[in-house]
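One structure is given below, encoded as structure tokens.
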Amino acid sequence: MEMESSTSTSKSSALHLKMEQFKGQSRLPKFAVPKRYDITLKPDLTACSFGGSVAVHLDIVCDTRFIVLNAADLSVDAASVSFASSKVLFKPWKVETFEEDGILVLEFGETLPVGSGVLGIGFEGILNDKMKGFYASTYEHNGEKKNMAVTQFEPVDARRCFPCWDEPAWKATFKITLDDVPSELVALSNMPVVEEKVHGHLKTVSFQESPIMSTYLVAVVVGLFDYVEDHTSDGVKVRVYCQVGKANQGKFALNVAAKTLEFYRDYFAVPYSLPKLDMVAIPDFLGAMENYGLVTYQETGLLFDEQHSAAANKQLVATVVAHELAHQWFGNLVTMEWWTHLWLNEGFATWVSYLATDSLFPEWKIWTKFLDEITGGLKLDGLEGSHPIEVEINHASEVDEIFDAISYRKGASVIRMLQNYLGAECFQRSLASYIKKHASSNAKTEDLWAALQEGSGEPVNKLMNSWTQQKGYPVISVKVKDQKLEFDQTQFYSSGSQGDGQWIVPITLCSGSYDVRKSFLLQKKFETFDVKEFLGCSIAGTGCRGSLCSWIKVNVDQTGFYRVKYDEELSAALRSAIEKKHLSATDRFGVLGDSFALSMARQQSFASLLTLLGAYREELDCTVLSNLIPISYKLATIAADAVPELLDLINQLFIGLFQYSAEKLGWEPKPGESHLDAMLRGDILTALAVFGHDLTIDEASRRFHAYLDDRNTPLLPPDIRKAVFVAVMQRVSMSKRSGYESLLRVYRETDLREEKTRILRSLASCPDHNIILEFLNFLLSSEVRRQDAALGLSVSSKGRETAWTWLKDNWEHISETWSSGYLLRFVSAIISPLASFEKVKEVDEFFKVHPNPSITRTLKQSIEWVQINAKWVQSVGSEKNLADTVKELAHRKY
């Protein structure tokens, strides 16, 4: 018996080692190729569980005793697993799930025959509360709390609903059936319903087989909904589903969706490939998801209330819908081969969503808003802890962290830069060719470059590899010396460090006028031109007469993904051009953004940046002010840490900076005013309140009390509500709590998601750290939906230390409650604003004791921000003559 036992153990150990070889791999082995999934799901909305079965029609492509696929958080019924081939039924003799890798390994006792077969698996799971996989979302109907069942599979969570080959390249068709669905509920999937059978209080709903697609795009929703419906001109049925009673709030998105589908059909020269498009507002959902034919959104991304929604929310709905529908072509029809090429999906959808929105709403001048995308990309990519657009992914656990500003914003920015270089018509023709060639298949970055190179005749691959295969971007230093114009590129880091990257840079510039433009490719580190030959004029400092150039602006209208540093003479000339409004709004935005970044990197003094801001005192453009406001917030925070004795004067300086535009805009909406002015009013009033402008706070308080008495008062239209809420919080303290408690009451009483998020974004602006702590604890309560918690993490500068202590005290609960994709927001929002070397050490030591691999990249970036802030504070604190500059600017009369 002892001998027999030993032999058995040895055999088992050897077999275990064979199964172990599949652990820790970045990709699934290519033993089998799935062709079609027949999936049946039985969601139980009361017990928050589900059962199901899947029959996968597949091809065995080589001799193997193993089938390896993905499964996670599922109880697989080992007895149900079988593989049928040529009328022979094979049963695995070992079934094992490796949860850490999310894989299911089936080992058979004999070699499986090469050819087609069907793999059958039965399984059970939990409708979780993590907003990923197959999960439960809660809502109220007639005062009763109910559950709906929702899927969210991107990037790697289809495996949490059914066993599958959960990688983008394993495309297949899907035939889905939902069983035991309560008969009064709506059941949706990617395709239209083909059959519905009612059995008493339950029904079985079967859907048409889908076209070929990736697992992350499969979707199911079961719940109680109203809907509104429209059709495109070529007959595609479009619906918006939302909670009962909110159907009218879906009409704006419905109109945008129908028109956007038609725009993309014409732009890509390929029709939308499904018979219907459903868009669903989900109460518990993070962002939006482009599932083929069934796009899911959090409510603020899809619903618009004519009476209570702000202009900014209208713009948000339009751009989010346009982004998700772009994916129906760029992502769903043509899919990235692996997550390394995620930017092909997200960068492109971000860029083209602006193209579509501009077509629908030209009066919004939406391309000026695109500057925010560029700024977000430049900000993250200025870190030494950034990553290339094409980033190597070695494990599924790494994917969440690359859904960031590099994939979305830098990706979109380099696409726009390339389109500007190649020309709009050539770019469009080449894209249409790319989509036709790779439709219903997968593509890599080089496939897109090949199509654009073929269509344009330009060396696109060579040009773009420097932008996608290395991290970072250059700062172009421009100087005039002896009538020579010199260009020098170096890698820019916000830390002030020197990088060794080099790029092929499409340089554009204008000189003295937008009629005098030049462009060239900077392919070397350094290049020089004779000014007269290059520009046809001489450089004359800040003056202008005859053939002399008064100013030079490089990176015209900010179409390039790089920063520009000018010598003192050129900088002074640009400052004068800004004051005289000789520069376009986008270029005024660009000069400001570059100067801010250079000051942060300690390549330009704090005083010179404040002096430049003085040129913007009569600025009225929404685009420019939308950059000036957050910059002023950051500068005030740095000043509070570096030179607290000057903070009152600096706040006074910023109040003076924004008063001109505030007086022009006023508190009341003007008949026929632009969409942009409506958005700007709230931002300007918020800034004045944050900087302590008493008259603004007094007026806000008056309007707030009128709003508490009458929620429909014309004194508080949606566009200024956040500004008023922030203003009210500036005077809240533990001994004066009424404003805080009134806002919490409004939060609890309203059923409008947008109003709730406005309040959450406002409450942490309070300067009282005890109130901030109370509010942060409120964010963890059941009164705040999980996807909304991070909205309240942007605390006032006085609350940063409180927030960091709170994060440490609650880290165990937070890291268990929120999944990795959302956890990143807690880390970034609370750690990045810290600004001392002591905090760098504290943060590092805390996370060494509390490691979490899923936040590694984000944590590294956040710690780098703390170091950058600390160095900047140190530099500003030692800056000579800063006090004199601040006093002069604060008291200057205009």
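The values are calculated or read from the model by the stated rules, or taken from the named source; none is laboratory data. Computed from a predicted structure; not experimentally measured. Cβ: placed from backbone, ideal geometry, glycine included. Neighbour counts: every protein chain shown. Only protein heavy atoms, including side chains, enter the accessible area calculation; ligands, DNA and RNA are left aside. Shrake-Rupley method; radii C 1.70, N 1.55, O 1.52, S 1.80 Å.
Is it the case that segment 737-746 has a residue that's within 29 Å of L657 (Cβ to Cβ), buried (at least 18 other Cβ atoms within 10 Å of the Cβ) and of a type in the set (A, V, I, L, M, F, W, C)? Checked segment 737-746: at least one residue is within 29 Å of L657 (Cβ to Cβ), buried (at least 18 other Cβ atoms within 10 Å of the Cβ) and of a type in the set (A, V, I, L, M, F, W, C). The residues listed here are I389, I366, I393; of these, the one that is touching a Gly at 6+ places or on another chain (Cβ under 7 Å) and open to solvent by less than 10 Å² (accessible area, probe 1.4 Å) is I389.
If the condition is being under 20 Å from S584 (Cα atoms), part of a strand (DSSP E or B) and at pLDDT 80 or above, then segment 517-550 contributes R517, K518, S519. Going residue by residue through segment 675-692, is there one that turns out to be free of Cβ contacts under 8 Å to residues at least 40 places away in the same chain, closer than 18 Å to G614 by Cα and touching a Leu at 6+ places or on another chain (Cβ under 8 Å)? No, there is no match, as no residue in segment 675-692 is free of Cβ contacts under 8 Å to residues at least 40 places away in the same chain, closer than 18 Å to G614 by Cα and touching a Leu at 6+ places or on another chain (Cβ under 8 Å). Helices (runs of 4 or more DSSP H) fully within segment 559-655 that include at least 2 residues being among the polar types (S, T, N, Q) and closer than 28 Å to P767 by Cβ: 622-642. Every residue in segment 418-475 that is charged (D, E, K, R) and within 26 Å of the chain's Cα centre (by Cα), please. The answer is K444, E446, D447, K471. Selection within segment 49-108: residues that are of a type in the set (D, E) and outside any strand (DSSP E or B). The member of this set that is most open to solvent (accessible area, probe 1.4 Å) is E100. Test S183 against the stated conditions and say whether it is closer than 30 Å to S75 by Cα, of a type in the set (G, A, S) and crowded, with 23+ Cβ neighbours inside 10 Å. For S183, the condition - closer than 30 Å to S75 by Cα, of a type in the set (G, A, S) and crowded, with 23+ Cβ neighbours inside 10 Å - is not met. Looking only at residues in segment 230-246 that are under 18 Å from V321 (Cα atoms) and of a type in the set (A, V, I, L, M, F, W, C), the one that is surrounded by the most Cβ atoms within 10 Å (Cβ to Cβ) is V240.
Yes or no: S137 closer than 19 Å to A158 by Cβ and either in contact with a Leu (Cβ under 7 Å, 6 or more places away or on another chain) or assigned to a strand (DSSP E or B) (or both)? Taking the combined requirement at face value, the residue satisfies it. What is the residue count in segment 674-730 for residues that are surrounded by fewer than 24 Cβ atoms within 10 Å (Cβ to Cβ), among the aromatic types (F, W, Y) and out of contact with any Phe, Trp or Tyr (no Cβ under 7 Å at 6 or more places or on another chain)? Residues meeting the conditions: 2. Do we find that V475 is in contact with a strand residue (DSSP E or B) (Cβ under 7 Å, 6 or more places away or on another chain), open to solvent by 20 Å² or more (accessible area, probe 1.4 Å) and more than 30 Å from A269 (Cα to Cα) in this structure? Against the criterion (in contact with a strand residue (DSSP E or B) (Cβ under 7 Å, 6 or more places away or on another chain), open to solvent by 20 Å² or more (accessible area, probe 1.4 Å) and more than 30 Å from A269 (Cα to Cα)), V475 does not qualify. If you go through segment 136-175 and pick out every residue that is within 24 Å of the chain's Cα centre (by Cα) and free of Cβ contacts under 8 Å to residues at least 24 places away in the same chain, you end up with 0.
To keep it simple, each residue is scored yes or no on (1) out of contact with any Asp or Glu (no Cβ under 7 Å at 6 or more places or on another chain); (2) touching a residue at least 40 places away in the same chain (Cβ under 8 Å); (3) of a type in the set (S, T, N, Q); (4) crowded, with 18+ Cβ neighbours inside 10 Å.
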site	(1), (2), (3), (4)
G792	yes, no, no, yes
D809	yes, no, no, no
G821	no, yes, no, yes
I831	yes, no, no, yes
E838	yes, no, no, no
L859	yes, no, no, yes
Q867	yes, yes, yes, yes
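Of the listed requirements (1) surrounded by 21 or more Cβ atoms within 10 Å (Cβ to Cβ); (2) touching a residue at least 40 places away in the same chain (Cβ under 8 Å); (3) β-branched (V, I, T), V295 misses just one: (2). Across segment 430-487, the number of residues qualifying as without any contact (Cβ under 8 Å) to a residue 24 or more places away in the chain and assigned to a helix (DSSP H, G or I) comes to 10. If the condition is being modelled with pLDDT under 95 and among the β-branched types (V, I, T), then segment 98-121 contributes only T111. Residues that are open to solvent by 60 Å² or more (accessible area, probe 1.4 Å), under 20 Å from P283 (Cα atoms) and in contact (Cβ under 8 Å) with a residue 60 or more places away in the chain occur at least once in segment 783-790.
Considering segment 34-48, and only residues there that are assigned to a loop (DSSP other than H, G, I, E, B) and of a type in the set (A, V, I, L, M, F, W, C), the residue that is farthest from E96 (Cα to Cα) turns out to be L45. Taking the condition in contact with a Ser or Thr (Cβ under 6 Å, 6 or more places away or on another chain) and open to solvent by 60 Å² or more (accessible area, probe 1.4 Å), does E124 pass? When the stated conditions are applied, E124 passes them.
Just a yes or no: is a residue in segment 151-168 within 23 Å of E816 (Cα to Cα), assigned to a strand (DSSP E or B) and open to solvent by less than 10 Å² (accessible area, probe 1.4 Å)? There is at least one residue in segment 151-168 that is within 23 Å of E816 (Cα to Cα), assigned to a strand (DSSP E or B) and open to solvent by less than 10 Å² (accessible area, probe 1.4 Å). Hey, among S762, S794, which residue is outside any loop (DSSP other than H, G, I, E, B), of a type in the set (S, T, Y) and within 25 Å of S632 (Cβ to Cβ)? The conditions single out S762.
Summed over segment 396-417, the residues that are under 12 Å from the mean Cα position of the chain (by Cα) and open to solvent by 30 Å² or more (accessible area, probe 1.4 Å) give a count of 4. Being modelled with pLDDT of 95 or more, surrounded by fewer than 23 Cβ atoms within 10 Å (Cβ to Cβ) and under 28 Å from R409 (Cβ atoms) is a property that S584 has. The set of residues in segment 233-254 that are outside any helix (DSSP H, G or I) and free of Cβ contacts under 8 Å to residues at least 60 places away in the same chain comprises S233, D234, G235, V236, K237, V238, R239, Y241, G245, K246. Looking at (1) within 30 Å of C242 (Cβ to Cβ); (2) open to solvent by 30 Å² or more (accessible area, probe 1.4 Å), which one does L188 not meet, given that it meets all the others? Condition (2) is where L188 drops out.
So, F207, is that one in contact (Cβ under 8 Å) with a residue 40 or more places away in the chain and of a type in the set (A, V, I, L, M, F, W, C) or not? No, not satisfied. Among the residues of segment 257-314, the ones that are part of a helix (DSSP H, G or I) and more than 26 Å from R785 (Cα to Cα) come to 12 in all. For beta carbons closer than 8 Å, sequence separation of 6+ or different chains, a first residue in segment 31-42 that is over 24 Å from K203 (Cα atoms) and in contact (Cβ under 8 Å) with a residue 40 or more places away in the chain and a second that is of a type in the set (K, R) and in a strand (DSSP E or B), the qualifying pairs are R36/K175.
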